[in-house]
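Remarks on the structure that follows.
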Amino acid sequence: MENPDSSAEQFPTILPPPVAGSLPTRTGVARERAWPWLLPMVFLLLAIGIYPLIFNIWNSFREFNPMKGRVEPVGLENWQRLFTDPRAFDSIKTTFIYVLSALIIEFILGLAIAALLNSGPWGSGLWQSMLILPMVVPPTVAAVMFKVLENPDYGPLSYYLMKMGITSMQEPLLGGNGKYAMQAVLIPDIWQWTPFFILILLAGMKALPTEPLEAAKVDGANAWQSFFGVTLPMLRPMIAVAVLFRLVDLIKVFDYIYVLTSGGPGTKTEVLSYYDYQRNFATIEWGYGSVLGLVILVIAIVVANVYVKVFKVQW
Amino acid sequence: MKETNDFREKMAISNAINSFYAGRTSRRTMLKTLGAAGVGFSAAGMMGSSRRTMAAPMRAVEAAQPDDVTAWLKDVGGQFKGTTIKVVSEETPPSRAIINLKKDLFEDITGITVDWEVVPLDQVLAKVSQDAAAQLGANDIYYFDQAWVGRFINDTFDPRELLSSKPDLAFPNYNIDDFLEPLVKHIATYGDKMIGFPCDVPIAMYFYRQDIYDEMGLKPATTMEEYMANAKAINDAMAGSGTYGTVGQMKSGHYALECDMTIYLWSHGGSVYTADGQCSLNDAAAITGVDYMRELQQYMPAAVTSYDWGGQFTAIQQGQGGQVITWGEDFPGWDDPVSSKVSGLMTPAPLPANAAQRKPEEAGFEEIPDLGHQGGSTYCLSKYSKVADAAWVFLQWATSSNTQTLASVIGGGASPMRQSTFDDPRVKEMEVVGAGTTRHFPLMLETIQNRMGTEPHLPQWPLIATDIIAVELGKLTTGGYASTQEGMDNIKKLVDEASKQ
């Protein structure tokens, strides 16, 4: 084996001697000397990540005064308002209903379809390719598409639901008294994001070692027992990642609500992000809007961490 | 520029209509061409994101600009050659028309570039608010809904002052008195200050299906009772086949719902405020008006609670309504044979008489209770503009008599602001069935002059109208309250709290 000292002599300009008192890295470059290379990225992160966050926190202590046309300091007023605003609490509740409904349905459907595709049915390659299509459609476009599909007068989806006796002209998917308003906004979400679960879980299933499954078969396990007893536990890391990604994404849901129901009827489908949007754009309450934005951030962080702890997610 | 299918379709439509109006092709040939390109327009109408649907296609017009205007643009506008001015507006018929006209008739002559940003109404409000708060002059010309005039009173120049203080930049024979007086007073003025020039007036008008009325022996309603009776009769006879008594714009939480409510509120003697500044949305007259709206809702498609103005426009266009009281600017789109099933069938009629009416002096915050709800808007020159002179030249040109007339005759539904536009022979020529018709203009003028209703003007109004009234009404119209009284009591409470802030 070559002596490191002789190597340093051989390439003196590339590998300068370590600075006294610092730990040499694998390449021999001192940690301090890495900073110039990292600075551009650090500035970028500060500009697009940290600055908006700090600005938002600062803004949460100010409010736009429409009478004066200026933003003024209001102290803790916006934060106090948060705790006395029933609409904010309702929107948090609606957000959780939406998130849980979408997550559970998308996961179960995704898992079932992934298992089906993993069994290698005819045309499975084609189906897998087609599954990507919904995900490349911008959510707003998907929402507009479903606005047409769900229209009670000419929407095919609405037509078939009425035919099956699930909805009616008096209580259609969209409109009426809003009995199915939540379902109306969940449908495009499920259509668009179930393939995300399918693709991740399918990739996970294909990567699983075959030996445990073969051993289970030798031990006399049937297909169901193999799936729930062997495949599913081995898929745990993939499930954890997929659920976490969707969980965080769902907490921020906006497009389907904005296009399909505008949070209505009343506030039945008003999720937190839509309520926040209304504060910022419709009523021009930028300070309170910042508070709600921070609440979304906190909820996303807390929920994600709780999920990781409770389900003992291992990376 | 790459030619898209959509672009080619629109060009085909434009060429076909121009040829027809120039007498070079028959109506049949025109319709055949339009039919081939019609799908794109029908699909576009479903979006409904704009405040008033861009209904009828634009016609290319001869660059008919008076010589003195062209000379003024060269001499006065030419001084600002190379300047870029920024405009932010909602996509409304007049905005779209001026965007189409500005290149040939303004930019090419003056050398001024007009960067016109079109965004949804709520984002216009957000952008203008940001601009006003930061005083940066990011936009030079603002588009204001009439509901915002009180909010931005200190952020724009008074155009009357500019006309007198800048004689060297004055448009030849601009004639500010040519603007209809009710529009100047109720759309573009707050207190004594004029904040801009009126540019658009969607106003509630009464339209009915001539074929259905004839078939059923109905007469245009002259009272609100008759209007309800007609709606019921049509609904009873035809709802099964997909044509309902009427249609509404009752999307919960949407400003459109508040607009519909005020139509029925005002026509039954109610008002949002009384003269002492207290909300009166729960008094007996208001309850009668809102109950009327809820009764009328029974004769509408169930989907009306998801319709904003775009949804309502499409519903009528698809033949779902036997009659409606709504924005006059929708009418040219319904008359468009390319995308409408009811071309030539919808007929304008005088508004029914109010069942009761509160006097303006008994209402508050400049509110004018009457059935002809107006949702007008203004173009205003920002006080923070860094190129205010160039922007002022453009603003005068865009709101001048000739430009306004061209905006009204190229199709799209732009309503006139000036008496001279209503009287112009080019406008009169278009009083025929077809895309971009002006055959509703005489009744529109009558409504503006005699039946115009105006919402209260107070700085908090955008919040109150959308965030309180439209949301709570959304609950009320979908069974969220036990009674109208309960819902309106809550609305009054919330409105009074917001008004005090």
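The values are calculated or read from the model by the stated rules, or taken from the named source; none is laboratory data. Quick caveat, the model's predicted, so the values are computed rather than measured. A quick note on method: Cβ atoms are made from the backbone with ideal geometry, for glycine too, and the neighbour counts reach across all protein chains shown.
Which condition does residue A:178 not pass, out of (1) assigned to a loop (DSSP other than H, G, I, E, B); (2) modelled with pLDDT of 95 or more, if it passes all the others?
(2)
Being more than 30 Å from residue B:141 (Cβ to Cβ) and either over 22 Å from the mean Cα position of the chain (by Cα) or at pLDDT below 95 (or both) narrows it down to one of B:307, B:384, so name that one.
Working: B:384 fails: more than 30 Å from residue B:141 (Cβ to Cβ).
None of the other options fit; the residue is B:307.
List the residue pairs whose Cβ atoms are under 9 Å apart, where the first residue sits in the stretch A:60-76 and is more than 10 Å from chain B (Cβ to nearest Cβ), the second is of a type in the set (Val, Ile, Thr), and the two are 6 or more positions apart or on different chains.
Close Cβ pairs satisfying both conditions: A:60/A:291; A:61/A:74; A:62/A:71; A:62/A:74; A:63/A:71; A:63/A:74.
For the stretch B:113-123, indicate whether the set of residues that are facing chain A (nearest Cβ under 9 Å) and either among the β-branched types (Val, Ile, Thr) or assigned to a helix (DSSP H, G or I) (or both) is non-empty.
Checked the stretch B:113-123: at least one residue is facing chain A (nearest Cβ under 9 Å) and either among the β-branched types (Val, Ile, Thr) or assigned to a helix (DSSP H, G or I) (or both).
Determine the pairs where a residue that is within 14 Å of chain A (Cβ to nearest Cβ), located within the stretch B:222-243, has a partner that is of a type in the set (Phe, Trp, Tyr) with Cβ atoms under 9 Å apart, the partner being 6 or more residues away or on another chain.
Matching pairs, first to second residue: B:235/B:244; B:235/B:299; B:238/B:244; B:239/B:299.
Go through the stretch A:70-113 and report how many residues are aliphatic (A, V, I, L, M) and more than 14 Å from residue A:198 (Cα to Cα).
Step one: of the stretch A:70-113, the residues aliphatic (A, V, I, L, M) are A:71, A:74, A:76, A:82, A:88, A:92, A:97, A:99-100, A:102-105, A:108-109, A:111-113.
Then keep just the ones that are more than 14 Å from residue A:198 (Cα to Cα); that gives A:71, A:74, A:76, A:82, A:88, A:92, A:97, A:99-100, A:102.
Matching residues across the stretch A:70-113 total 10.
Could you please give the count of residues in the stretch A:165-188 that are at positive phi and either touching a strand residue (DSSP E or B) at 6+ places or on another chain (Cβ under 8 Å) or surrounded by fewer than 17 Cβ atoms within 10 Å (Cβ to Cβ) (or both)?
Of the stretch A:165-188, the ones at positive phi are A:165, A:175-176, A:178.
Keeping just the survivors that are either touching a strand residue (DSSP E or B) at 6+ places or on another chain (Cβ under 8 Å) or surrounded by fewer than 17 Cβ atoms within 10 Å (Cβ to Cβ) (or both) gives A:165.
The qualifying residues number 1.
Evaluate the following for residue A:289: is it within 12 Å of chain B (Cβ to nearest Cβ), at pLDDT below 90 and over 21 Å from residue A:201 (Cα atoms)? Full working, then the answer.
Details: within 12 Å of chain B (Cβ to nearest Cβ): yes; at pLDDT below 90: no; over 21 Å from residue A:201 (Cα atoms): yes.
For residue A:289, the condition - within 12 Å of chain B (Cβ to nearest Cβ), at pLDDT below 90 and over 21 Å from residue A:201 (Cα atoms) - is not met.
Among the numbered criteria (1) assigned to a helix (DSSP H, G or I); (2) away from every other protein chain (no Cβ under 14 Å), which single criterion is violated by residue A:274?
So the condition that residue A:274 fails would be (2).
Residue under question is residue A:115, and the condition is that it be touching an Asp or Glu at 6+ places or on another chain (Cβ under 6 Å), aliphatic (A, V, I, L, M) and modelled with pLDDT of 90 or more; does it hold?
Details: touching an Asp or Glu at 6+ places or on another chain (Cβ under 6 Å): no; aliphatic (A, V, I, L, M): yes; modelled with pLDDT of 90 or more: yes.
Here the answer is no, as residue A:115 does not meet what is asked.
Residue check: is residue B:221 over 19 Å from residue B:328 (Cα atoms), assigned by TED's automatic domain parsing to the domain that holds residue B:298 and surrounded by fewer than 24 Cβ atoms within 10 Å (Cβ to Cβ)?
Working: over 19 Å from residue B:328 (Cα atoms): no; assigned by TED's automatic domain parsing to the domain that holds residue B:298: yes; surrounded by fewer than 24 Cβ atoms within 10 Å (Cβ to Cβ): yes.
Judged against the criteria, residue B:221 is not a match.
Within the stretch B:264-286, track down each residue that is surrounded by fewer than 24 Cβ atoms within 10 Å (Cβ to Cβ) and under 26 Å from residue A:174 (Cβ atoms).
Listed by number, the list is empty, since nothing qualifies.
Hey, among B:195, B:187, B:176, which residue is touching a Cys at 6+ places or on another chain (Cβ under 8 Å) and in the same structural domain as residue B:77 (by TED's automatic domain parsing)? Reasoning before the result, please.
Details: B:187 fails: touching a Cys at 6+ places or on another chain (Cβ under 8 Å); B:176 fails: touching a Cys at 6+ places or on another chain (Cβ under 8 Å).
Matching residue, one of B:195, B:187, B:176: B:195.
Scan the stretch B:139-148 and tell me whether some residue there is touching a residue at least 12 places away in the same chain (Cβ under 8 Å), hydroxyl-bearing (Ser, Thr, Tyr) and either surrounded by fewer than 16 Cβ atoms within 10 Å (Cβ to Cβ) or within 14 Å of chain A (Cβ to nearest Cβ) (or both). Walk me through it before giving the result.
Step one: of the stretch B:139-148, the residues touching a residue at least 12 places away in the same chain (Cβ under 8 Å) are B:139-148.
Applying the additional criterion that residues be hydroxyl-bearing (Ser, Thr, Tyr) yields B:142-143.
Next, from what is left, pick out any that are either surrounded by fewer than 16 Cβ atoms within 10 Å (Cβ to Cβ) or within 14 Å of chain A (Cβ to nearest Cβ) (or both): B:142.
Among the residues of the stretch B:139-148, at least one is touching a residue at least 12 places away in the same chain (Cβ under 8 Å), hydroxyl-bearing (Ser, Thr, Tyr) and either surrounded by fewer than 16 Cβ atoms within 10 Å (Cβ to Cβ) or within 14 Å of chain A (Cβ to nearest Cβ) (or both), which makes the answer yes.
Out of all the residues in the stretch A:202-220, is one or more outside any helix (DSSP H, G or I), away from every other protein chain (no Cβ under 14 Å) and closer than 30 Å to residue B:302 by Cβ?
In the first step, residues of the stretch A:202-220 are kept if they are outside any helix (DSSP H, G or I); the result is A:208-210, A:219-220.
If we keep only those that are away from every other protein chain (no Cβ under 14 Å) as well, we get A:208-210, A:219-220.
In the following step, the residues that additionally are closer than 30 Å to residue B:302 by Cβ were identified as none.
Within the stretch A:202-220, not a single residue is outside any helix (DSSP H, G or I), away from every other protein chain (no Cβ under 14 Å) and closer than 30 Å to residue B:302 by Cβ.
Determine whether residue B:275 is touching an Asp or Glu at 6+ places or on another chain (Cβ under 8 Å) and at pLDDT below 95.
Here the answer is no, as residue B:275 does not meet what is asked.
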